[in-house]
1. Within the stretch 157-177, count every residue that is polar (S, T, N, Q) and surrounded by fewer than 17 Cβ atoms within 10 Å (Cβ to Cβ).
2. Return the residue satisfying two criteria in turn: it lies in the stretch 178-189 and is in contact with a Ser or Thr (Cβ under 9 Å, 6 or more places away or on another chain) and either surrounded by fewer than 15 Cβ atoms within 10 Å (Cβ to Cβ) or acidic (Asp, Glu) (or both), and of such residues it is nearest to residue 82 (Cα to Cα).
3. Cβ-Cβ under 7 Å, sequence separation 6+ or interchain: first residue in the stretch 146-164 and farther than 13 Å from residue 136 by Cα and at pLDDT 95 or above, partner among the polar types (S, T, N, Q) and not in a strand (DSSP E or B). Which pairs?
4. Residue under question is residue 104, and the condition is that it be more than 16 Å from the chain's Cα centre (by Cα) and over 27 Å from residue 42 (Cα atoms); does it hold?
5. Of all residues in the stretch 160-189, how many are assigned to a loop (DSSP other than H, G, I, E, B) and either in contact with a Leu (Cβ under 8 Å, 6 or more places away or on another chain) or over 16 Å from residue 108 (Cα atoms) (or both)?
6. Just checking: which of the helices (runs of 4 or more DSSP H) contained wholly in the stretch 33-123 hold 3 or more residues that are without any contact (Cβ under 8 Å) to a residue 24 or more places away in the chain and surrounded by fewer than 16 Cβ atoms within 10 Å (Cβ to Cβ)?
7. Would you check which residues across the stretch 100-156 are of a type in the set (Val, Ile, Thr) and over 22 Å from residue 65 (Cα atoms) and list them?
Amino acid sequence: MKKSLLMVGAVLAINLTASRVFAQTQDTTKKTTTTTTTTEGAADVVGALASNADYSTALAAVKAAGLDATLKIGGPYTIFAPNNVAFSNLPAGKLDSLLKDPAALGTLLKGHVVTGKYGKADIIKALNAGKGKASLTTIDGQPLTLTLVGSKLQLTNASGGSAQVTLFDLIGANGVVNGINGILAPAKK
């Protein structure tokens with residue numbers, strides 16, 4: 001009986017913590033806001049990405065790398081898309097250099113895409129099942145770990161790069177886009 005009560009208490013605590021991460025929050029030090037936006041009717045995840053001007057640089061990068069053709073068919077996919085501010089924080093000239101090198105840009109971007117549809121509700125389920133932690137695999141086979149840090153959802157890649165989710169649920173017919181506030185650089189080979 002005591003074990004059952006403890007298990008129920010633990011599940012409730014995880015649910016409350018997971019619910020808090022998805023409330024609209026504002027971090028005054030970084031001036032970012034976590035929101036949930038649903039875009040219905042986008043033909044695909046690339047269209048969903050195009051539906052929000054805060055992700056125009058990510059959209060341009062997807063097109064420059066030639067990933068748009070792949071992401072428009074098949075799926076479902078989830079793109080953890082860096083916002084424009086994340087791209088502007090790259091060192092001077094780095095974005096231009098990447099845009100001129102589709103192979104390097106493609107490698108970088110594949111680390112932000114997973115197979116499967118992981119909207120806000122799906123992420124909550126995965127975190128609850130994993131007791132506050134979930135692991136996904138990017139389309140290039142690398143692990144991507146989701147954890148709660150305080151009341152925010154954080155992604156960490158294999159090289160230790162991390163970013164926080166700032167936008168949920170831009171829906172396309174073949175997946176979803178969630179916005180993040182950083183760029184997850186791949187491990188150096």
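The values are calculated or read from the model by the stated rules, or taken from the named source; none is laboratory data. Predicted, not measured: the structure shown is a model, and the values here were computed from it. Note that each Cβ is placed from the backbone with ideal geometry, even for glycine, and that neighbours are counted across all protein chains shown.
1. Count: 2.
2. Restricting to residues being in contact with a Ser or Thr (Cβ under 9 Å, 6 or more places away or on another chain) and either surrounded by fewer than 15 Cβ atoms within 10 Å (Cβ to Cβ) or acidic (Asp, Glu) (or both), the top hit is 185.
3. 163/181; 164/181
4. So residue 104 passes the test.
5. 7
6. Of the helices (runs of 4 or more DSSP H) lying wholly inside the stretch 33-123, those with at least 3 residues that are without any contact (Cβ under 8 Å) to a residue 24 or more places away in the chain and surrounded by fewer than 16 Cβ atoms within 10 Å (Cβ to Cβ) span 94-99.
7. 123, 124, 145, 147, 149, 156
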